[in-house]
């Protein structure tokens, strides 16, 4: 048995920290480690992430200034070589932890309050931070229209990265991450992008529909709780066509491929 495991999260997003949460529990439950610490050298995009994800985690012994192990690039490469596992599984393998299970979910030990006023509400969060692919608001709106889904509330737009839909929904504000958790667990149906919101919903045990666009890898469709819905734009569909055409002509018609590169320039792969 090893005495101490140090977790260090190199990317500061909410999802990045939640991905590492099963490591703490399983490190102790499998008997591999006696202590689990979180490195202060970890990145936190918001101080609430440290409090919500780690300070409330009963499997964490505390925080240390020592450096930990978390090589995101290596984990992504490992995942590509091992089909049938998700990102969290690959992370556990990186730490040498194996409980015999696959497709682990992120974990959260905070219990949000249930809001009675949202029990029958359909909520859409248009915000994201990490790459969600080439999404368009029009494609998201088209999905709701096609399936005759009435969105009751849209979360208030934050920052510069978002895909808001029409102005006929009420705007819902979430001043704190605890408020955000309450909204997710309370509503009848939650829709969002494949970013931190989707990972947080999985950690809260709330199934959701997560929109993504062309260019986002399947590795980020990590939760069996969720439905992942393609919502690409016309530009993304053209890019996919162009990429497919490029690969086909490169293999079968190298002369045509060379000609297309001259016509399109650097826009043609």
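Read the figures in this text as sums done on the coordinates, not as results from a lab. In this text the structure is predicted, and so the values were computed from the model without any measurement. Cβ atoms come from the backbone with ideal geometry, glycine included; neighbour counts cover every protein chain shown.
Quick one, what does Rg over Rh come out to for region 116-244 if you take C-alpha atoms and the Kirkwood Rh?
Working: Rg = 14.2 Å, Rh = 14.8 Å.
Radius of gyration relative to Kirkwood radius: 0.96.
Which Rg and Dmax, in Å, describe the Cα atoms of region 2-94?
When restricted to the Cα atoms of region 2-94, Rg and Dmax are 12.7, 35 Å.
For residue 229 and residue 101, FRET efficiency with R0 = 22 Å and r from the beta-carbon atoms, rounded to 0.05?
Efficiency computed from Cβ-Cβ geometry: 0.25.
For residue 117 and residue 219, FRET efficiency with R0 = 30 Å and r from the beta-carbon atoms, rounded to 0.05?
That pair, residue 219 with residue 117, gives E of 0.25.
So how many Å³ per residue does the convex hull of the Cα atoms of region 146-214 work out to?
Here the figure is 113 Å³ per residue.
Starting from the Cα of residue 55, step 7 Å toward the Cβ, then list every residue of region 1-44 with an amide N under 15 Å from that point.
38, 40, 44
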